[in-house]
């Protein structure tokens, strides 16, 4: 059974396909695109992890203090606040020289 066939079957069995066929088709198309590359077992694991990170707006390399990575949100927030363009859960009060993530505690 192919990965695409597996996805279709699972979406049908969980009731997702009946509930929202357009959504289910979008997932199937994503699985088809992933499958089209012809990954080996090793490359599929790496690609799957990278895809998971990218779909979650996570970075594949470290956040930097490069000003091009930061958006000044001070006017909206009423205080000195910068938001990272590459990971929207990352903020800074000094333009990216130091930063914190809302997801890392």
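Values in this text are rule-based calculations from the coordinates and carry no lab data. Predicted, not measured: the structure shown is a model, and the values here were computed from it. Don't worry about glycine lacking a Cβ; one is built from the backbone with ideal geometry, like all the others, and counts go over all protein chains shown.
The distance between label points at residue 76 and residue 40 comes to 4.4 nm (points 7 Å beyond Cα on the Cα→Cβ vector).
Of the peptides 49-62, 80-93, the order by per-residue mean of other Cβ atoms within 10 Å, starting with the highest, comes out as 80-93, 49-62. Each label was represented as a point 7 Å from its Cα along the Cα-to-Cβ direction; for residue 4 and residue 28 these points are 1.0 nm apart.
I need the Kirkwood Rh of the stretch 3-55: take the reciprocal of the average 1/r across all distinct C-alpha pairs and report it in angstrom. Write down the numbers at each step before the final one.
On the way: mean 1/r = 0.0845 Å⁻¹.
Its Kirkwood hydrodynamic radius stands at 11.8 Å.
The computed Cα extents along the principal axes in Å for the structure shown corresponds, within (i) 63, 29, 17; (ii) 53, 34, 24; (iii) 55, 24, 21, to (ii). Calculated mean residue ellipticity at 222 nm for the chain: -14000 deg cm²/dmol, from DSSP H runs with n ≥ 4 weighted as -39500 (n - 2.57), summed, divided by the residue count and rounded to 500. Using C-alpha pairs under 8 Å with a sequence gap of at least 6, the mean separation divided by the residue count of the chain gives a relative contact order of 15 percent.
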